[in-house]
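First up is the structure itself, then whatever we jot down about it.
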Amino acid sequence: MTRFALQFGQTQPGLTYLERTSAYGVCSRGEAQIAIAQIGRRGGYEFDLPGGGVEASEDEAAALMREFQEETGLTVWPTRVLGRAGQFWINKGEPRNSLATFYEVELSADDGAPSEPDHALVWMAPAEALLRVRHEAHAWAILHWLRERRGGG
């Protein structure tokens, strides 16, 4: 099983975790707000940085831009890599190790709507997002981004 230098989450004995290359992005409005994908239909929402799995026919940047559009309706362009981290988790009953590259992205257009029916764009203060995102790796990426922005990298 591949592990990144930073690995989050716990494995459960007896389960085999499928590795999935993924890409996520931090899209900001200054330091005041970042784009977060709200997942779910009514109450009990989960929150992630926008992004997801890389398909066989695309590179990380293409996957990131596609996933951002699908989940938030935003058109973005990756500007730099923030870091890489793995996240063990169970997705719809399937054990996964999300091998994620996190990017800082630049907003190109915000005139779309999410195409995934259970996703919505919410803008959150980074401190709130740190507490609300469901994956530790996403919280780490937000914190890393914030510290770099404030010169504490």
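The values are calculated or read from the model by the stated rules, or taken from the named source; none is laboratory data. Bear in mind the structure is a predicted one, so any value in this text is a computation, not a measurement. Here Cβ is always computed from backbone atoms with ideal geometry, including for glycine, and neighbour counts include all displayed protein chains.
Observations, loosely collected:
- Filtered residue count, segment 48-105, keeping only those that are of a type in the set (D, E, K, R) and either touching a helix residue (DSSP H, G or I) at 6+ places or on another chain (Cβ under 8 Å) or under 24 Å from Gly30 (Cα atoms) (or both): 10
- Selection of segment 55-79 for residues being farther than 25 Å from Asp111 by Cβ and of a type outside the set (Asp, Glu) yields Ala56, Ser57.
- When residues of segment 16-44 are limited to those that are assigned to a loop (DSSP other than H, G, I, E, B) and at pLDDT 95 or above, the one farthest from the chain's Cα centre (by Cα): Thr16
- In segment 26-72, of all residues being among the aromatic types (Phe, Trp, Tyr) and surrounded by 19 or more Cβ atoms within 10 Å (Cβ to Cβ), the one that is farthest from Arg132 (Cα to Cα) corresponds to Phe68.
- Here Thr75 meets the list (1) polar (S, T, N, Q); (2) surrounded by fewer than 18 Cβ atoms within 10 Å (Cβ to Cβ); (3) under 12 Å from the mean Cα position of the chain (by Cα) almost entirely, failing just condition (3).
One line per residue, one yes/no per condition, for (1) in a strand (DSSP E or B); (2) surrounded by fewer than 19 Cβ atoms within 10 Å (Cβ to Cβ); (3) modelled with pLDDT under 95; (4) among the basic types (Lys, Arg):
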| position | (1), (2), (3), (4) |
| --- | --- |
| Ile90 | yes, yes, yes, no |
| Leu99 | yes, no, no, no |
| Val105 | yes, no, no, no |
| Val122 | yes, yes, no, no |
| Leu130 | no, yes, no, no |
| Gly151 | no, yes, yes, no |
